[in-house]
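Report on the structure given below.
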Amino acid sequence: MNKKLRPFIATHPGELIKDELKERNLTQKELSEMTGIKPSVLSETINGKRSVSLNVAIALEKALGIPAEIWMNLQTQYDLDSAQIAEHEKQKETVSITIPISDLNLLREISRKFGWACMF
């Protein structure tokens, strides 16, 4: 059986920009000046509020030496992971079951184990 793995969280490329800044002892302002990316655009990208565009990827490549293709691939993977997570969330369903009163202890144990909400 070929089961496709689904990510638990999606990591925005901005997280990796943040890591690069820290590793290189750079501020956002310095990176903004090096790349020509507006400080507001850079901040929104680093904080995951804006996608890494092709222009930003090229500017990052020139300033940091990390190929634009990597930045674009990271953005694409983030978008795919986000979509898969959203799809999985939509697929969660509610199921109603009826268990005879004689099996009330079983119902309590099942609901405790699986975190189900029960109405008695």
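Here is a yes/no grid of residues against (1) open to solvent by 40 Å² or more (accessible area, probe 1.4 Å); (2) polar (S, T, N, Q):
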residue	(1), (2)
5	yes, no
24	yes, no
40	yes, yes
55	yes, yes
63	no, no
70	yes, no
76	yes, yes
86	yes, no
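Scan region 11-22 for residues that are open to solvent by less than 40 Å² (accessible area, probe 1.4 Å) and out of contact with any Gly (no Cβ under 9 Å at 6 or more places or on another chain) and jot them down.
Once the filter is applied, which keeps residues that are open to solvent by less than 40 Å² (accessible area, probe 1.4 Å) and out of contact with any Gly (no Cβ under 9 Å at 6 or more places or on another chain), region 11-22 yields 17, 21.
The values are calculated or read from the model by the stated rules, or taken from the named source; none is laboratory data. Everything quoted here is computed from the prediction, not taken from an experiment. Here Cβ is always computed from backbone atoms with ideal geometry, including for glycine, and neighbour counts include all displayed protein chains. Just so you know, the surface numbers come from the protein's heavy atoms only, side chains and all, with ligands and any DNA or RNA stripped out. Shrake-Rupley method; radii C 1.70, N 1.55, O 1.52, S 1.80 Å.
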